[in-house]
Amino acid sequence: MAEDTTVDAAPDVVDDGVAVTIDGTEVRARKGELLIDAAERHGVYIPRFCYHERMRPVGMCRMCIVEVDTGRGPSLQPSCMLECTPDMVVDTTSEVTRKAQEGVLEFLLVNHPLDCPVCDKGGECPLQDQTMSNGPGESRYIEQKRHLEKPIPISDLVLLDRERCILCDRCTRFASEVAGDPLIHFLHRGNHTEVNTFPDEPFASYFSGNTVQICPVGALTATSYRFKARPWDLTQTESTCQSCSVGCRVAVQASRNEVLRILGVDVDPVNWGWLCDKGRFDFEAINSDERLAAPLVRQGDELAPAGWAQALRQAADALSGALDSGGPVSIGVLGGARLTNEDAYAWTRFAKGVLGTDNCDAQLGDGLPPEVVLGLPRATIDEVCRPGGTVVVVGPDPKEELPVLFLRLRHAVVEAGATLIEVAPARSGISDYATVTLTHRPGEVAEVVRALVGETGQSSDLGGADASAVGRARALLDQADGDVCVVLGRPSVAESADFVTDAASVLQRALPGARFLSALRRSNVHGALDMGLAPGLLPGRVRLEDSGAEFAEAWGAVPATVGLDAHGMLTAAAEGRLSVLVLLGADPLADFPDRHLAERALATVPTIVASDLFLTESSARAHVVLPAAGFAECEGTTTNLEGRVSVLGQKVTPPGTARSDWMIAAELARLMGHDLGLESPAAIWDEICTLAPSHRGVTTDLLRSTDSDAGVLVPLEREEPAPADVDSTDGVAAEDVAEAAVDQAAADDTLEAQAAEAEGVAAAAEQVAAEEAGELAEEAAADGPVEDGAEEAVASRGPATLRFDGIPAVTLAPRDAYSLRLVATRKLYDQGTGVQQSAQLAPLAPGSVLRLNRYDFERLGVEEGSVVRVASARGALRVPVVVDAGVPRGAAAVYVNQPGLAATSLVDAAAAVTEVRVETGIDS
Amino acid sequence: MARFTPENETVAREILSRYPVPKSALVPLLHLAQEQDGHVTRDAMVHIAELVGVTPAEVIGTCTFYEMFKMEPVGRYLVNVCTNISCMLMGSDALLHHAEERLGISAGDTTPDGMFTLEGVECIAACTEAPCLQVNYRYRTNVTNESFDSLVNELAAGELEDEIPPHGTLARIRQHIPADRAAGVAPPDVNRVPVWMQTAVADTESPAGSEAN
């Protein structure tokens, strides 16, 4: 194994390992390493069923029994339960070992039906394989085997054939140990033991699919894959899951040009082999009949199929017409989180370099400003989940939006002694694992964060959080061992992003060493932002104002002014100031927090060009619809929430004539008389490596090297957080100046003036501080990756890279005593196309109800389950109401983007918070 | 009838308070549920899960592990006739056959009036007094066909109410431990190395440690 040399070489320096003899060869095992692991690391595979390297050993199956002599004579020991001790002598091939393993296998097969020819696992089954390699060959068992009903569904997605089960405890351990959903358990005893659920209470876990993957026999099968293929019919490619921004590595398996299965791949920094059920099962959307296979062009009220030439010509004409009549500012490009990095770069270059418009936004008003996402010192998942570390979660429910990050956080807390402090508008899936959960009133997250770090805020009651809980959380933060990490996202789309931005400012100021992990959820939103699909940005995490000149040279032109974000674009469209709106896989009607604005925008804008996989509610209103290639259909790279770039694999061809988004951008440019010179994703990536400052050195070779299986963190030289020792550095002087400016400006009335001034001063001061190191930095950057040395890394960042310098405190009007503030959150299964186009997942979307605290429930005098009218300044909805103790007093919680309820029609994107009134006595 | 009655819920909470880890109370609470309804109902398991803070699947996993917990209704009197070797040698086969005839049911069934459930069971540890049986886990030893008949008659007539309570009742006297007399065991740290392992580590490390010193 390639790993051996490095592993063995490294401990020689600090050798706390032990010498163990395995099959006559002396090897070094790490301290506390299990024998089964040490042997495997040195090329000796000991058969096993129950042992799984990501779960605690239990010694259930006894298959890994080997002959071990620890100085007291040889004895048979399960190697998964045995830590290596000095001078241990192991024989995995002795006659005694062989006989013991044969005996175990004969026993395991006593009740196993041996129905391999009709079993989905046949061909990739550890039981089958190890029966061949380590089994007795013949059984002495001639009696009747047990017969049970088969298969029984243990969830909507997973089926169980109990006869095949060998009781290895992997699935049940996974459910309780890893997922924290112990909804399957061993029932009965002895020969009657079986895995099952409580009657009528299915294994409704977001992670149930993992049990199918880790089952060492064919007992657990996925409904979507059952009887679909044999393992030897499948071909596979590695890729990165695009269901959310965690970026789990997956193996995409297909047969005859159809994706049939997704398996998790174990990469250390990200997903550890686990996937959520959405990521595992939403591949059915790829094969959906509803996929767009040919361009559509509007003819009156209808969208009619058209050829690419006609559709592209029509789109190009619309864009040219807009340029002629209203100039670049009359064009907006919305979306891009679905795209690969290369697609996003091509579109940025087309929009900003050819069309000259800076109206681009990969986020749909439900995220955070790009300088917060990209400009804060960024944390990796490993840093956030550091054993014994302290993490503050200010953001959405990770279980619903970033499920595998939830698994990692849960593991850190439950298994590795991490401390988690949650700040959220309502209890979430992670609350059970948080040491302290501080619930804040919508719009007052920054108040709670201020109290948490010990700053005095404006509110007398800590933003609605419990004072004793704040005290406990503060004590935990004070005792934090090492630097704190913050998971930062948008907890609710019914309140302005400013509050989270404000909270981030507070945390950055109060915790100078803190690193931040962005919790934006859309698949490649971080890559799209890196590639400049946001107003004022250019590829490589730089500002238009800082690096415009360089890009103008490379591209020929860049926008003259900073453009509009999603909210700005939709407002402009609704006011008739936009002529063309391009939707890059964006569905603003479903996803933009303010449905009314989105409705008016789409109704008003003269031309909509959509590139999409499906005809969504929004793209159905387009004038030109271009079918795009999606996950598993195109090559390229993607960037996860850490800023980790990984390679996407193509396994199947896109439906019909659908093509990659970069091709669409290049074609449109060509029709408008510009040759982008982009010919393949690889060529685009080369251009990105050359032009984008943050991506320098991240070459295709580096990305595709075997060491980069898990992806490459960009930039290669990491920026360091501001040093903890505040008073002794120049950099902080700059910040002080900036802060002073903020204080001074606080007298002003407009927030914009404050922000602009503070930003300007900070940038200027920082430039002075950075000039000294400037030359050195450029040299370092030119030389490529710097192996170590944080100082050089800081210096090489230079003044150009995007940086978040905090914003002044945001104020909020006092609460109206008669109203409730709306909390709008997401569920894993929603109206998104990935879920809705997957037959297995679509029924799992829970729908929405209005959730209230019991206090408000009784105050309003409503009945559980009755239908109430919820009204905001924007609109009104009828919705059933239920009690939820996790929702604080004064708040009303709904799930957005659920079937049957357009919750976003209550929200006004321009308002700081959404106040709603609940009216009872409505007939249902 | 299914979940705990308010009185029994109070008892359940008292039982829970005795254990540093709530999950330890699972078996006593299952006994309480069986005492209340004669068998462990599904709703009772859900209620126990709520009280203990585990999932119903974990409760049913524990419940089904123990044969003395009945998941289906049984008669007021559960008659367990031992069929293991000592009793078999002393005629338990004939006794069980007689019992089936007397009660008019096969082993494993319950009489239509809901009074008796008959079971053949493995050794109940009264081999010196074989053949033996239990009624609701109260012993009858050296059982003959005649003594079995009179036992059934007395049970049916309600003459043994004092000695043999209905199925599910372990004892008529309930244990109450006031808070000030509780053992006061602190919750163990789940990640802690077991004491014996700590000692073992200390033993192996001490020579090296002394060298370093």
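Does A:P153 satisfy the condition of being assigned by TED's automatic domain parsing to the domain that holds A:I214 and either open to solvent by 80 Å² or more (accessible area, probe 1.4 Å) or over 43 Å from the mean Cα position of the chain (by Cα) (or both)? Quick ask: steps written out before the conclusion?
Numbers: assigned by TED's automatic domain parsing to the domain that holds A:I214: yes; either open to solvent by 80 Å² or more (accessible area, probe 1.4 Å) or over 43 Å from the mean Cα position of the chain (by Cα) (or both): yes.
Yes, satisfied.
Can you name every residue in the range A:192-206 that is within 12 Å of chain B (Cβ to nearest Cβ) and in contact with a Leu (Cβ under 8 Å, 6 or more places away or on another chain)? It would help to see each step written out before you state the result.
Within the range A:192-206, the subset within 12 Å of chain B (Cβ to nearest Cβ) is A:192-205.
Once the filter is applied, which keeps residues that are within 12 Å of chain B (Cβ to nearest Cβ) and in contact with a Leu (Cβ under 8 Å, 6 or more places away or on another chain), the range A:192-206 yields A:T193, A:E194, A:V195, A:N196, A:T197, A:F198, A:E201, A:P202, A:F203, A:A204, A:S205.
For the range A:588-613, give me each residue that is in contact with an Asp or Glu (Cβ under 6 Å, 6 or more places away or on another chain) and under 24 Å from A:D317 (Cα atoms).
A:S611 - this is the single residue of the range A:588-613 that is in contact with an Asp or Glu (Cβ under 6 Å, 6 or more places away or on another chain) and under 24 Å from A:D317 (Cα atoms).
Could you identify the single residue in A:D317, A:D366 that is outside any strand (DSSP E or B) and more than 30 Å from A:T904 (Cα to Cα)?
Values: A:D366 fails: more than 30 Å from A:T904 (Cα to Cα).
It is A:D317.
Would it be correct to say that A:R189 is open to solvent by less than 20 Å² (accessible area, probe 1.4 Å), within 14 Å of chain B (Cβ to nearest Cβ) and of a type in the set (K, R)?
no
Only residues that are touching a Phe, Trp or Tyr at 6+ places or on another chain (Cβ under 7 Å) and part of a helix (DSSP H, G or I): list them for the range A:179-220, please.
Scanning the range A:179-220 gives A:A179, A:G209, A:N210, A:T211, A:I214.
Just a yes or no: is a residue in the range B:47-60 more than 14 Å from chain A (Cβ to nearest Cβ) and surrounded by fewer than 17 Cβ atoms within 10 Å (Cβ to Cβ)?
Going residue by residue through the range B:47-60, those that are more than 14 Å from chain A (Cβ to nearest Cβ) are B:51.
With surrounded by fewer than 17 Cβ atoms within 10 Å (Cβ to Cβ) added as a condition, the list becomes none.
No, there is no match, as no residue in the range B:47-60 is more than 14 Å from chain A (Cβ to nearest Cβ) and surrounded by fewer than 17 Cβ atoms within 10 Å (Cβ to Cβ).
Of the residues that sit in the range A:532-567 and are assigned to a helix (DSSP H, G or I) and open to solvent by less than 20 Å² (accessible area, probe 1.4 Å), which one is nearest to A:N359 (Cα to Cα)?
Once the filter is applied, the top-ranked residue is A:A566.
Can you name the residue in the range B:23-46 that is over 28 Å from B:G114 (Cβ atoms) and open to solvent by 20 Å² or more (accessible area, probe 1.4 Å) and is also nearest to the other protein chains (Cβ to nearest Cβ) among such residues?
Among those residues, the one meeting the criterion is B:K23.
Which condition number does B:K70 fail, the rest of (1) assigned to a loop (DSSP other than H, G, I, E, B); (2) in contact with a Gly (Cβ under 9 Å, 6 or more places away or on another chain); (3) away from chain A (no Cβ under 14 Å) being met?
(3)
At least 3 residues that are open to solvent by 10 Å² or more (accessible area, probe 1.4 Å), modelled with pLDDT under 95 and among the hydrophobic types (A, V, I, L, M, F, W, C) in each: list the helices (runs of 4 or more DSSP H) lying fully within the range A:392-467 that qualify.
On the way: elements: A:398-401, A:403-416, A:445-453.
No helices (runs of 4 or more DSSP H) qualify here.
Being touching a Leu at 6+ places or on another chain (Cβ under 6 Å), closer than 21 Å to A:P593 by Cβ and open to solvent by 10 Å² or more (accessible area, probe 1.4 Å) is the requirement here; does A:Y829 meet it?
Details: touching a Leu at 6+ places or on another chain (Cβ under 6 Å): yes; closer than 21 Å to A:P593 by Cβ: yes; open to solvent by 10 Å² or more (accessible area, probe 1.4 Å): yes.
In short, yes.
Taking A:E163 and the conditions (1) more than 12 Å from chain B (Cβ to nearest Cβ); (2) modelled with pLDDT under 95; (3) open to solvent by 30 Å² or more (accessible area, probe 1.4 Å), which numbered condition does it fall short on, given that it satisfies the others?
(3)
Which helices (runs of 4 or more DSSP H) sit wholly inside the range A:583-689 and have at least 2 residues that are over 25 Å from A:A557 (Cα atoms)?
A:588-591, A:595-604
Conditions (1) closer than 17 Å to B:K70 by Cβ; (2) part of a loop (DSSP other than H, G, I, E, B); (3) touching a residue at least 40 places away in the same chain (Cβ under 8 Å); (4) not assigned by TED's automatic domain parsing to the domain that holds B:V81, marked per residue:
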{"site": "B:I105", "(1), (2), (3), (4)": "yes, yes, no, no"}
{"site": "B:G108", "(1), (2), (3), (4)": "yes, yes, no, no"}
{"site": "B:T117", "(1), (2), (3), (4)": "yes, no, yes, no"}
{"site": "B:I124", "(1), (2), (3), (4)": "yes, yes, yes, no"}
{"site": "B:P131", "(1), (2), (3), (4)": "no, yes, yes, no"}
{"site": "B:Q134", "(1), (2), (3), (4)": "yes, no, yes, no"}
{"site": "B:N142", "(1), (2), (3), (4)": "no, yes, no, no"}
{"site": "B:D149", "(1), (2), (3), (4)": "no, no, yes, no"}
{"site": "B:E161", "(1), (2), (3), (4)": "no, yes, no, yes"}
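How many residues does the range A:409-426 hold that are within 13 Å of another protein chain (Cβ to nearest Cβ) and charged (D, E, K, R)?
Qualifying residue count for the region: 1.
The rows are residues; the columns are (1) under 30 Å from A:R408 (Cβ atoms); (2) modelled with pLDDT under 95.
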{"site": "A:E633", "(1), (2)": "yes, no"}
{"site": "A:T639", "(1), (2)": "yes, no"}
{"site": "A:T657", "(1), (2)": "no, no"}
{"site": "A:M663", "(1), (2)": "no, no"}
{"site": "A:R670", "(1), (2)": "no, no"}
{"site": "A:L678", "(1), (2)": "no, yes"}
{"site": "A:W685", "(1), (2)": "yes, no"}
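With over 40 Å from the mean Cα position of the chain (by Cα), in a loop (DSSP other than H, G, I, E, B), surrounded by fewer than 17 Cβ atoms within 10 Å (Cβ to Cβ) and not assigned by TED's automatic domain parsing to the domain that holds A:E163 as the only criterion, which of A:E138, A:E124 stands out?
Details: A:E124 fails: over 40 Å from the mean Cα position of the chain (by Cα).
The conditions single out A:E138.
May I ask you to verify whether A:C171 is touching a helix residue (DSSP H, G or I) at 6+ places or on another chain (Cβ under 6 Å) and either more than 8 Å from chain B (Cβ to nearest Cβ) or closer than 18 Å to B:R42 by Cα (or both)?
Numbers: touching a helix residue (DSSP H, G or I) at 6+ places or on another chain (Cβ under 6 Å): yes; either more than 8 Å from chain B (Cβ to nearest Cβ) or closer than 18 Å to B:R42 by Cα (or both): yes.
Yes: the conditions hold for A:C171.
In the range A:476-505, what residues are open to solvent by 10 Å² or more (accessible area, probe 1.4 Å), in a helix (DSSP H, G or I) and of a type in the set (D, E)?
Once the filter is applied, which keeps residues that are open to solvent by 10 Å² or more (accessible area, probe 1.4 Å), in a helix (DSSP H, G or I) and of a type in the set (D, E), the range A:476-505 yields A:D478, A:D498.
Consider A:A473 against the criteria (1) surrounded by fewer than 23 Cβ atoms within 10 Å (Cβ to Cβ); (2) of a type in the set (A, V, I, L, M); (3) in contact (Cβ under 8 Å) with a residue 40 or more places away in the chain: it satisfies all of them except one. Which criterion is unmet?
That leaves (1) as the condition not met.
Return yes or no: is A:R98 without any contact (Cβ under 8 Å) to a residue 60 or more places away in the chain and basic (K, R)? First the steps, then the outcome.
Numbers: without any contact (Cβ under 8 Å) to a residue 60 or more places away in the chain: yes; basic (K, R): yes.
Judged against the criteria, A:R98 is a match.
Any residue in the range A:425-452 that's in the same structural domain as A:E400 (by TED's automatic domain parsing): show its pairings with residues that are assigned to a loop (DSSP other than H, G, I, E, B) and of a type in the set (A, V, I, L, M) at Cβ separation under 6 Å, as long as the two are six or more apart or on different chains.
Close Cβ pairs satisfying both conditions: A:A426/A:V887; A:L438/A:A465; A:H440/A:A465; A:G443/A:L812; A:G443/A:A912; A:V448/A:A465.
Name the residue, out of A:V58, A:V89, that is open to solvent by 30 Å² or more (accessible area, probe 1.4 Å) and in a loop (DSSP other than H, G, I, E, B).
Numbers: A:V89 fails: in a loop (DSSP other than H, G, I, E, B).
Of A:V58, A:V89, the one residue that is open to solvent by 30 Å² or more (accessible area, probe 1.4 Å) and in a loop (DSSP other than H, G, I, E, B) is A:V58.
Out of (1) open to solvent by 20 Å² or more (accessible area, probe 1.4 Å); (2) farther than 30 Å from B:V152 by Cβ; (3) of a type outside the set (A, V, I, L, M); (4) assigned to a helix (DSSP H, G or I), what's the single condition that is false for B:P20?
All conditions pass for B:P20, except number (4).
How many of the residues making up the range A:496-522 are within 20 Å of A:T811 (Cβ to Cβ) and small (G, A, S)?
Quick first cut of the range A:496-522, residues within 20 Å of A:T811 (Cβ to Cβ) only: A:496-510.
Subsequent filtering for residues that are small (G, A, S) retains A:496-497, A:503-505, A:510.
Of the residues in that region, 6 qualify.
Tell me which of these A:S133 doesn't satisfy, since it passes every other one: (1) open to solvent by 50 Å² or more (accessible area, probe 1.4 Å); (2) more than 20 Å from A:M55 (Cβ to Cβ); (3) within 12 Å of chain B (Cβ to nearest Cβ).
In the conditions (1) open to solvent by 50 Å² or more (accessible area, probe 1.4 Å); (2) more than 20 Å from A:M55 (Cβ to Cβ); (3) within 12 Å of chain B (Cβ to nearest Cβ), A:S133 misses (3) alone.
The values are calculated or read from the model by the stated rules, or taken from the named source; none is laboratory data. Not measured: the values here are computed from a predicted model. Note that each Cβ is placed from the backbone with ideal geometry, even for glycine, and that neighbours are counted across all protein chains shown. For the accessible areas, the whole protein counts, side chains as well, though only heavy atoms, and no ligand, DNA or RNA atoms are used. Shrake-Rupley method; radii C 1.70, N 1.55, O 1.52, S 1.80 Å.
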